[in-house]
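Here is the structure we will look at.
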Amino acid sequence: MAAVEILGDYAEEDDSWMDRAACKGLTQLFFPSAAERPQARERREAAARQVCRACGVQSDCQSFARTNHEYGLWGGESEDERHAAGFRLIAPIGVRARSAS
Ligand code: SF4
């Protein structure tokens, strides 16, 4: 799928569910910092998953991330988990590197 097609999908989606996201203001939990170590990633993602479990829009969020090939943790699902489930990332460099270890 071309990048422009993905952007087209993004523009047409209803993203009003984002107004009810439990993760507002917690961006640092859902996306890695530069050169994040694996242990730090595990801790960060565990904390993010706890927020997702209490969120009322988890299903919408997971579907959105899968459709739009998002990076980071969305709907309780990491980019590695989405990638493994067949929702491929556009440039899965980090995923390949982590899968090799
Ligand atoms: S499911 Fe998680 S990532 Fe998605 S909106 Fe809710 S808290 Fe945020």
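The table below gives the values:
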item: So CYS55, is it within 11 Å of the ligand (Cβ to nearest atom), closer than 14 Å to MET18 by Cα and surrounded by fewer than 20 Cβ atoms within 10 Å (Cβ to Cβ); result: yes
item: The range 1-19, subset away from the ligand (no atom under 16 Å from the Cβ) and charged (D, E, K, R), residue modelled with the highest pLDDT; result: GLU12
item: Selection within the range 20-37 - within 16 Å of the ligand (Cβ to nearest atom) and either in contact (Cβ under 8 Å) with a residue 40 or more places away in the chain or assigned to a loop (DSSP other than H, G, I, E, B) (or both); result: ALA21, ALA22, CYS23, LYS24, GLY25, LEU26, LEU29, PHE30, PHE31, PRO32
item: Matching residues, the range 38-52, being hydrophobic (A, V, I, L, M, F, W, C) and either under 14 Å from the mean Cα position of the chain (by Cα) or within 13 Å of the ligand (Cβ to nearest atom) (or both); result: ALA46, ALA47, ALA48, VAL51, CYS52
item: Among residues of the range 73-95, those that are in contact with a Phe, Trp or Tyr (Cβ under 9 Å, 6 or more places away or on another chain) and near the ligand (Cβ under 8 Å from one of its atoms), counted; result: 3
item: Any chance LEU26 is within 14 Å of the chain's Cα centre (by Cα) and surrounded by fewer than 17 Cβ atoms within 10 Å (Cβ to Cβ); result: yes
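The values are calculated or read from the model by the stated rules, or taken from the named source; none is laboratory data. Just so it is clear, the model here is predicted, and its values are computed rather than measured. Every residue, glycine as well, gets a Cβ built from its backbone with ideal geometry; the counts of neighbours run over all protein chains shown.
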